[in-house]
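In what follows, a structure is listed as structure tokens, so that the remarks can point back to it.
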Amino acid sequence: MIRKLSVVLTLAALISLGGCKDPYGAAVKAAADIGTGIAQGMKTVDSIRQQGLITPAEESNVLDYLEFANKADEAFQSCVDTAHTSGSKAGSFTACATAFNTSLNNPTELALLHVANTTASQNITTIINGITTGVNAIIAGLGGA
């Protein structure tokens with residue numbers, strides 16, 4: 001299920017950007033898909049805790065990161081809306097996605113992702129990689145738009 005989440009996020013981002021004739025619409029769709037992926041990731045983390053693979057404190061930390069990622073996704077959406085209402089200048093949508101990507105790589109926030117159990121750590125890494133890959137796909141798909 002975890003790998004499926006990663007693949008779904010990546011494919012959704014790529015499909016929504018296909019040809020990128022409408023960078024605004026594609027970016028809005030990608031933001032919604034990533035938001036859905038983050039929500040699914042939160043449910044998965046809860047399931048991992050229920051299985052006893054992570055402690056409640058570890059779950060809280062990982063959920064804090066995912067909430068941070070969700071807020072970054074909301075900021076991306078807001079940036080995209082602003083870029084659109086400002087005339088969709090060249091590079092504006094890509095700049096929004098790049099800022100989103102930068103947010104996701106905040107070292108302080110990434111430090112929250114450490115868990116002791118190797119299996120749980122691999123699952124959490126897959127969730128995070130799915131989100132990051134989705135954002136990178138947005139950047140590539142926008143092609144500077």
For this session: Quick one: which residue in Asn123, Asn117 is surrounded by 14 or more Cβ atoms within 10 Å (Cβ to Cβ), under 14 Å from Val45 (Cα atoms), of a type in the set (S, T, N, Q) and touching a Ser or Thr at 6+ places or on another chain (Cβ under 8 Å)?
Result: Asn123
Exercise. Any idea which of Leu63, Leu53 is at negative phi and not in a helix (DSSP H, G or I)?
Worked result: Leu53
For this session: State all residues of the stretch 114-145 that are part of a helix (DSSP H, G or I), within 22 Å of Ile54 (Cα to Cα), out of contact with any helix residue (DSSP H, G or I) (no Cβ under 6 Å at 6 or more places or on another chain) and of a type in the set (Gly, Ala, Ser); if no residue qualifies, say none.
Result: Ser121
Seminar exercise, completed: Screening Ala72, Ala95 for residues that are under 15 Å from Leu142 (Cβ atoms), of a type in the set (Gly, Ala, Ser) and in contact with a helix residue (DSSP H, G or I) (Cβ under 8 Å, 6 or more places away or on another chain) leaves only Ala95
Problem set entry | Failed criterion for Ser88 (all others in (1) closer than 26 Å to Val62 by Cβ; (2) modelled with pLDDT under 95; (3) in contact with a Phe, Trp or Tyr (Cβ under 7 Å, 6 or more places away or on another chain) hold) | (1)
Problem set entry | Count of the stretch 89-110 residues which are assigned to a helix (DSSP H, G or I) and either farther than 14 Å from Leu66 by Cβ or not hydrophobic (A, V, I, L, M, F, W, C) (or both) | 15
Seminar exercise, completed: Exactly one of Ala30, Ala26 is of a type in the set (A, V, I, L, M), at pLDDT below 95, under 13 Å from the mean Cα position of the chain (by Cα) and in a helix (DSSP H, G or I), and that residue is Ala30
Problem set entry | Flag for Leu53 being closer than 15 Å to Val135 by Cα and either modelled with pLDDT under 95 or crowded, with 18+ Cβ neighbours inside 10 Å (or both) | no
Exercise. Within the stretch 120-143, is there a residue that is among the hydroxyl-bearing types (Ser, Thr, Tyr) and more than 15 Å from the chain's Cα centre (by Cα)?
Worked result: yes
Exercise. Does the stretch 66-88 hold any residues that are in a loop (DSSP other than H, G, I, E, B) and surrounded by fewer than 13 Cβ atoms within 10 Å (Cβ to Cβ), and which are they?
Worked result: Ser86, Gly87
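The values are calculated or read from the model by the stated rules, or taken from the named source; none is laboratory data. None of these values were measured; they are calculated from a predicted model. Don't worry about glycine lacking a Cβ; one is built from the backbone with ideal geometry, like all the others, and counts go over all protein chains shown.
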